[in-house]
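The values are calculated or read from the model by the stated rules, or taken from the named source; none is laboratory data. Remember, predicted model here, so these are calculated numbers, not experimental data. Cβ coordinates were reconstructed from backbone atoms using ideal geometry, including for glycine residues, and neighbour counts include every protein chain displayed.
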């Protein structure tokens, strides 16, 4: 019997993605699966005061206490007398910590805790090979918000798992994109279609915030995907117009109107507000950028506005680009 109890996994979209993979694994193995409550509040209360603890520190012990105890209660309720945890396979977790917690709670609930070192004698490498063979989802962080932030800080990366595009545009290598991929995998397997999951390195990008000010008033604007401004905030002026593309006097900033965008991209947005809350696919934005810049390598700020009837302006654009690895679904 499998029991998925992981309120430590943040955000919920990541929790859902991992649950999706566990359901598939249990089906492959012929194991019945129960899903526990996604009790985030209870888990946060359980580890309160230990947010800054390192991996394998006291927060992990409290986390194990919380999750293993709920699992023991469920086992007792179902009349199951032996309990173990897949956490024992993780090289990021302490077997000693897990065993101590498991044995302590096993006495309380009168069940047996099975503690096996699956990592010795090359077990970790074998685990990775088997996971790759069975095309399992391989998460790249433990699960909780605190470990994620520490890990991303150490890597010099943003924790983009913790935010989404406000218009729900699916960003490259976001949790939302991975959910789409792994849900598609389930559909393909139901149809007995052949597929593979391969990885590729690419330049990823996120806009954190932006605005355009004209005469000290913010006007609706939409920076195209891969628009990057090193200084974040600049005060410039529109210098020239060449074939309805308006060029600023420096920093490679360009403006185009929503009408131009519609014509060139074969779209029909009424205004920038509609574009902001119902953006096109990222792939369509990149295709349009290439049309304007004649280059797939451009990071120049390209800003779409309702109309260009101004000269002086202030542009604020807080965006990041970073090396990343993306999974791709190949269907045969």
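Can we say residue 19 is modelled with pLDDT of 95 or more, surrounded by fewer than 16 Cβ atoms within 10 Å (Cβ to Cβ) and at negative phi?
So residue 19 fails the test.
Name the residue that is surrounded by the fewest Cβ atoms within 10 Å (Cβ to Cβ), counting only residues in segment 24-41 that are in a helix (DSSP H, G or I) and either touching a strand residue (DSSP E or B) at 6+ places or on another chain (Cβ under 6 Å) or touching a residue at least 40 places away in the same chain (Cβ under 8 Å) (or both).
Filtering first and then ranking leaves 28.
Give just the number: which of (1) in contact with a strand residue (DSSP E or B) (Cβ under 9 Å, 6 or more places away or on another chain); (2) crowded, with 17+ Cβ neighbours inside 10 Å; (3) closer than 22 Å to residue 136 by Cβ does residue 8 not satisfy?
Residue 8 satisfies every listed condition except (1).
Restricting to segment 142-157, name every residue that is part of a loop (DSSP other than H, G, I, E, B) and surrounded by 15 or more Cβ atoms within 10 Å (Cβ to Cβ).
Across segment 142-157, the qualifying residues are 142, 143, 144.
Considering only segment 67-78, I want to know if a residue exists there that is within 24 Å of the chain's Cα centre (by Cα), under 24 Å from residue 137 (Cβ atoms) and assigned by TED's automatic domain parsing to the domain that holds residue 134.
Yes, segment 67-78 has at least one match.
What residue, of 119, 152, is over 19 Å from residue 18 (Cα atoms), at pLDDT 90 or above, outside the structural domain of residue 325 (by TED's automatic domain parsing) and under 16 Å from the mean Cα position of the chain (by Cα)?
Answer to the selection: 152.
Go through segment 185-200 and give me each residue that's over 13 Å from residue 327 (Cα atoms), assigned to a helix (DSSP H, G or I) and in contact with a strand residue (DSSP E or B) (Cβ under 9 Å, 6 or more places away or on another chain).
Correct list: 188, 189.
With 206, 178 as the choices, which residue is part of a helix (DSSP H, G or I) and either in contact (Cβ under 8 Å) with a residue 12 or more places away in the chain or under 17 Å from the mean Cα position of the chain (by Cα) (or both)?
Residue meeting the stated conditions: 178.
In contact (Cβ under 8 Å) with a residue 12 or more places away in the chain and under 30 Å from residue 176 (Cβ atoms): which single residue out of 103, 135 fits that description?
Being in contact (Cβ under 8 Å) with a residue 12 or more places away in the chain and under 30 Å from residue 176 (Cβ atoms) holds for just one of 103, 135, which is 135.
Being more than 18 Å from residue 287 (Cα to Cα) and in the same structural domain as residue 318 (by TED's automatic domain parsing) narrows it down to one of 214, 198, so name that one.
Working: 198 fails: in the same structural domain as residue 318 (by TED's automatic domain parsing).
None of the others qualify; the one that does is 214.
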